[in-house]
Amino acid sequence: MKRIRLPLTQSAIKKLKVGDEVLLRGALYTARDAAHKRLVEIAKKGKRLPIPLKDETIYYVGPTPAMPGRPIGSCGPTTSSRMDLFTIPLLDRGLSGMIGKGRRSKEVISAIKKHNGVYFVAVGGAAAFLAKKVKKATCVAFCELGPEAIYLLEVEDFPVIVAIDSKGRNIYEKIGTKKGGRKKAR
Amino acid sequence: MRRIDTKRVRAEISRLCTTANLKLRPDILSAIKNAYRLEKGRAKNLLGVLIENSRIAAKERLAICQDTGMVEIFLEVGQEVNFVGVGLKESITAGVRDAYAKGRFRKSIVSDPIIRKNTGTNTPPIIYTEIVPRDKVKVSTFIKGFGSENKSQLKMFRPTATIDEIREFILKVAEEAGPEACPPLVLGVGMGGTFAKAALLAKKALLRPIDKRNKSSHIARLEKRLLKDINKLGIGPAGLGGKTTALGVNIETFPTHIAGLPVAVNISCHATRSAASIL
């Protein structure tokens, strides 16, 4: 198990290999479908983005509202592929890390390689478990979007697995593919 | 006639929505625990996280999953029941609204598929009503997340399609669902009827405990065979490899037309959430 501090550094990213289990500590941003759409619209117009992207990590999540006295509600990852359309412009602007669940497009994998980025996966559906790893949550942009707003999260020992590393190696390549289990199933 | 005040319906819907969001179904939890005993390495650890997740959810009243879903309500209304008070639909909607406000569950419903403005209450729910004999009302709430819902598929087969072709299709749907649908999956399959009926049967199939097989022996055999085949895909917990790609396959059937054979597959995740009671 590796321990990594956020924001990520270029050298820390280079050391991460596909399949590595990592505990994250530090600050990251949340964003899902609606926030991605808005960020990319703002970027296309050449305007200033409401959050810095350089070396930052975005977690694809729409949490449940927090109970009184807690920082956040349940907060497991959402499907990353829905963000694929918007990911490359964000990587172009310095984004380094992403956390979600599931596969990414070929284009996103190439862009991760090109920009020395990393894509982590968190355990889909382990939302109450992951809530315990978040120490603080502050809405920083698009707050009117509710669960789809951008929050700055402080996390501690947040468990993730490297799914695509900076060399473009992809954890899903060999899992459950037609080359693998499918033929046996027939 | 037996009179039931819709206030009772409202309270019961709220209670069931809350239970389903916080407590994993016993059949699902026990299937995850069985899989935990079977797996090794990373797959075992990931299933351990899911078991721990369900424990935290129930103990701390945190939703099992942040996607607290679109609510689907199945009502089996005895024909001798007379609902009194506020309208039934309004009462059910109010029950959902109560549960999501009080439980601080995520509001995930938008009022229009194109304009996409959040209704802020997680309503409306989708209500299916069936009239049955006698004077009881069975209320089932189904909380459906969209990570898995998005992976569901329907195919209109030729009436002469072989059972192998149908198995191959269902297997393909499970394979395409992959890591995004939060495996280990539960598959609800509907066969027969029409386009809409097959989809509804697939959904209803997910309400049946996964340790109960279909009453028809040929369908029960198909359920068992499919579960075995899906678990050979190697997708595994969280889609990161392993023997447990699905926890259960439930199939429901209905008579159909001489010219067709609709097959619908409703994909559900390891947090297949439903709760039911009788009024």
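Per-residue Cβ neighbour counts within 10 Å put B:80, B:168 in the sequence B:80, B:168, beginning with the fewest. For the protein assembly as shown, a simple Cβ point-charge model (Lys and Arg +1, Asp and Glu -1, everything else neutral) yields a dipole of about 1020 debye relative to the Cα centre. Under 19 Å from a label point set 7 Å out along the Cα-to-Cβ vector of residue B:225, the amide N atoms of the range B:174-189 belong to B:174-175, B:187-189. Computing FRET efficiency as 1/(1 + (r/R0)^6) for residue A:21 and residue B:58, where r is the C-beta to C-beta distance and R0 is 25 Å, gives about 0.40. Taking the centroid of alpha carbons for each part, the range B:108-132 and the range B:27-41 are 34 Å apart. Where both bridge residues fall in the range A:2-169, DSSP classifies roughly 55% of the beta bridges as antiparallel. Of interest is the spacing of the C-alpha centroids, which for the range B:203-261 and the range A:125-159 amounts to 35 Å. Distant-in-sequence amide contacts of residue A:2, defined by a placed amide H-H separation under 5 Å and a gap of 5 or more residues or a different chain, comprise A:21, A:22, A:23.
Bin by bin, in steps of 5 Å, what percent of the Cα pairs in the range A:2-169 do you find, going until the bin that has the longest distance? All Cα pairs, binned at 5 Å, distribute as 2, 9, 20, 24, 22, 15, 6, 2, 0 percent. Checked against a 28 Å cut-off, the cross-linked pairs A:15/B:172; A:15/B:44; A:44/B:151; A:14/A:174; B:33/B:144 give Cα-Cα distances beyond that limit for A:15/B:172; A:44/B:151. Applying a 4.7 Å cutoff between beta carbons, the unpaired cysteines of chain B are B:17, B:65. Karplus-based coupling profile of the range B:239-250, in residue order and whole Hz: x, 9, x, x, 8, 9, 9, 9, 8, x, 10, 10, with θ = phi - 60° in 6.51 cos²θ - 1.76 cosθ + 1.60 and x standing for Gly or Pro.
Taking θ as phi - 60° and the Karplus parameters 6.51, -1.76 and 1.60, the scalar couplings of the range B:80-85 work out to 9, 9, 10, 7, 10, x Hz in sequence order, x denoting glycine and proline.
For the range B:146-272, pairs of C-alpha atoms spaced more than 26 angstrom apart make up 12 percent of the total.
The fraction of all Cα pairs in the protein assembly as shown landing in successive 20 Å bins from 0 to the largest distance is 25, 56, 19, 1, given as whole percents. Restricting the trypsin sites (Lys or Arg not before Pro) of the range B:72-120 to loop positions (DSSP other than H, G, I, E, B) with no more than 16 neighbouring Cβ atoms within 10 Å leaves B:116, B:117.
Working from label points 7 Å from Cα in the Cα-to-Cβ sense, the residue B:80 to residue A:105 distance is 6.0 nm.
Fewest neighbouring Cβ atoms within 10 Å first, the residues A:36, B:270 line up as A:36, B:270.
Evaluated at q = 0.10 Å⁻¹, a Debye calculation over the C-alpha positions of chain B (equal weights, vacuum) places log10 I(q)/I(0) at -0.54.
Every read-out reported here was derived from the displayed coordinates using simple, explicitly stated rules and does not represent laboratory data. Note that the structure is a prediction, hence the values are computed from the model and not measured. Backbone-built Cβ (ideal geometry, glycine too); neighbour counts: all protein chains shown.
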